[in-house]
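Report on one structure; see the data block that follows.
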Amino acid sequence: MTNKAHAEVIWFSSKENFHWACIALEDSPMSVQATLKVLPWSYDSKAYVVGIWGRQVKLDQVVKAGDRIELYRPLALTPNEIRLRRKKSN
């Protein structure tokens, strides 16, 4: 038996809940989109941005062995908005 290459997928659906999956990669190159289709959970793909190791990627990006695919939630406030609110409250 040969060892298959794997990639991880991590998704924080809320501040308290996160999902993690280890996906076996096929012998042929798999895109991020193809990898996300085999996840054991469902999510709204239009509501999330996708990245690999903290860098935003397109869905046609090829996944390599050992990659960590991350689904990013939209920010409630941008860092700039947070600083402005903090400044106003002081």
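Since every read-out is calculated from the coordinates, none of them should be taken as a lab result. Being a predicted model, the structure only gives us computed values, none of them experimental. Ideal geometry is used to build each Cβ from the backbone, glycine not excepted, and the neighbour counts take in all protein chains shown.
Of all residues being surrounded by 11 or more Cβ atoms within 10 Å (Cβ to Cβ) and not in a strand (DSSP E or B) in the range 66-84, which is nearest to the chain's Cα centre (by Cα)? Just the residue, please. So, considering only residues that are surrounded by 11 or more Cβ atoms within 10 Å (Cβ to Cβ) and not in a strand (DSSP E or B), the one nearest to the chain's Cα centre (by Cα) is Arg73.
The set of residues in the range 24-49 that are among the β-branched types (Val, Ile, Thr) and under 13 Å from the mean Cα position of the chain (by Cα) comprises Val32, Thr35, Val49. One residue stands out among those in the range 50-65 that are under 12 Å from the mean Cα position of the chain (by Cα) and among the basic types (Lys, Arg): the one that is farthest from Met30 (Cα to Cα), which is Arg55.
In the set Pro40, Pro29, only one residue is more than 19 Å from Ala65 (Cβ to Cβ) and either free of Cβ contacts under 8 Å to residues at least 12 places away in the same chain or out of contact with any Lys or Arg (no Cβ under 6 Å at 6 or more places or on another chain) (or both); that residue is Pro40. The set of residues from the range 9-26 being aliphatic (A, V, I, L, M), closer than 15 Å to Lys64 by Cβ and not in a loop (DSSP other than H, G, I, E, B) comprises Val9, Ile23, Ala24.
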